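Data first, discussion second: the structure below is written as structure tokens.
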Amino acid sequence: MSHVLVVDDEAPMRAALDANFRHSGWQVTTAGGVVEALAKFGRAPCGLVITDMRMPDGDGLAVLQGVRQIIPETAVIFLTAYGNVPEAVQAMKEGACDYLMKPVSFEQLEESAERILGCDGGEPGAQDSDLVGSSAAFRAVVAKARRVAQTDADILIEAESGTGKELLARLIHKASPRAAKPFVGVNCSAFPENLLESELFGHVRGAFTGAMNMKPGKFQVADGGTLLLDEIGEMPLSLQPKLLRVLQEREVDRLGDTRPISVDVRVVATTNRPLTAQIEAGAFRADLYYRLNVVPLTIPPLRDRRDDIVELAQHFLRKYAPKSQRGQFRISDDLAARLREYDWPGNVRELENFMRRAVVLAHGTELDASAFGHSATPPSPEHQRGVSAGVTLEALERRLLEATLAATGGNRTRTAELMGISLRTVRNKIREYGLPARSASWTG
């Protein structure tokens, strides 16, 4: 179960977020100010904090700095009713994961939370130390990324879901002259068209119904730094010309504004499916593709770098073993062989979830194939291809959705990526099949 601390001095806002998050299966703690928030976080730390920016006894930056002193990897999202661009930039520089303007829909807020907690690498604040692997193919990609980081060229990363696209984008940012400036990420599949335009480019007060305050777009917030456009292939066709203009002119037209704003941003775009196929289907502009694809990077799937599998598994053991408080674990030879032969369709993310689950379920400190329950053990390659006759497509779809939700701990953003469908489709299917928003069986 995910745990969130909500910090806001307005009681109705706290109550609304508390009710919505609990309804979606989250564990929730609330606080009305900075002092109360840090006291509660100290007693019961959690992985996510959502905080108002301005409160009577301090500001959201004090909350961020306080919780990061206790748990450095804590993910923090800011909410504010004030459209202050320098404030937003400062928040991102301090390490905020997102910055949302009130009024904000709960769906938009939860999508932001799931994107942050479900980023490639599996943990908020994942470091480029998670880019593990000594195979020639993988090291060549990392070396190329470090070289191009020194330039201002825009970059397109094409790779399957779960391979570490966001980690590679963060590595590029950290290795670049822009490292001291913000790194800002936007998942293009997480927003409907009208919200995505405002999210990217911003809007002025009164630009549309409900635009009560000015909102800086992510291009503005990332000024001087790096903007990650995750799953760029999901961007609506109608928005692509506007993005193309920003990339060419380095100017942003906010919704409702009459003058452009200059921005200095390096764009790293990612996609989990070839954009050339989408161009042929008429779903993606060829001119935008060539503008983004100044430097192409491709991360090989895990099945094509099998020499890295056990090394990665050992890495995740070192990551999760201390949390088990049972000492060091080792991987037996039979498990190592099973890990190497499995194709890992969910790539590094699937392997990380598997190893994390293995630590939780282990009876001793040696991990072998027999130590796992059947549901936690990767099937043999032959069994992977087997499908029982007489099963309806609907039943298979439901079974696949439930299995993927279980593998991702109920994270709908990761589930959408692994299944190759949109986040909206995942939500619709959960409702269609009457599945719970979250389930205890999905944790892990």
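For every residue, the table says whether it meets (1) small (G, A, S); (2) modelled with pLDDT of 75 or more.
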{"position": "P378", "(1), (2)": "no, no"}
{"position": "P381", "(1), (2)": "no, no"}
{"position": "G386", "(1), (2)": "yes, no"}
{"position": "E397", "(1), (2)": "no, yes"}
{"position": "L400", "(1), (2)": "no, yes"}
{"position": "T404", "(1), (2)": "no, yes"}
{"position": "I430", "(1), (2)": "no, yes"}
{"position": "Y433", "(1), (2)": "no, yes"}
{"position": "A437", "(1), (2)": "yes, no"}
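Of all residues in segment 260-284, how many are in a loop (DSSP other than H, G, I, E, B), under 14 Å from L247 (Cα atoms) and either of a type outside the set (A, V, I, L, M) or free of Cβ contacts under 8 Å to residues at least 12 places away in the same chain (or both)?
2
Please work out which residue is nearest to Y99 (Cα to Cα), limiting yourself to segment 11-69 and to residues that are among the acidic types (D, E) and surrounded by 15 or more Cβ atoms within 10 Å (Cβ to Cβ).
Among residues in segment 11-69 that are among the acidic types (D, E) and surrounded by 15 or more Cβ atoms within 10 Å (Cβ to Cβ), the one nearest to Y99 (Cα to Cα) is D52.
Considering only segment 239-253, I want to know if a residue exists there that is under 26 Å from D287 (Cβ atoms), of a type outside the set (G, A, S), surrounded by 17 or more Cβ atoms within 10 Å (Cβ to Cβ) and modelled with pLDDT under 90.
yes
List the number of the failed condition for C46; all other conditions in (1) in a loop (DSSP other than H, G, I, E, B); (2) over 22 Å from G95 (Cβ atoms) hold.
Just one mismatch for C46, condition (2).
Would you check if there is a residue in segment 163-171 being outside any helix (DSSP H, G or I) and either farther than 18 Å from L423 by Cβ or over 21 Å from the mean Cα position of the chain (by Cα) (or both)?
Yes: segment 163-171 contains one or more residues that are outside any helix (DSSP H, G or I) and either farther than 18 Å from L423 by Cβ or over 21 Å from the mean Cα position of the chain (by Cα) (or both).
Looking only at residues that are in contact with a Ser or Thr (Cβ under 8 Å, 6 or more places away or on another chain) and in a helix (DSSP H, G or I) in segment 53-81, which one is farthest from E10 (Cα to Cα)?
It comes out as R68.
The values are calculated or read from the model by the stated rules, or taken from the named source; none is laboratory data. Since we're looking at a predicted model, the values are computed, not measured. Neighbour counts are summed over all protein chains in view; Cβ atoms, including those assigned to glycine, are modelled from backbone coordinates with ideal geometry.
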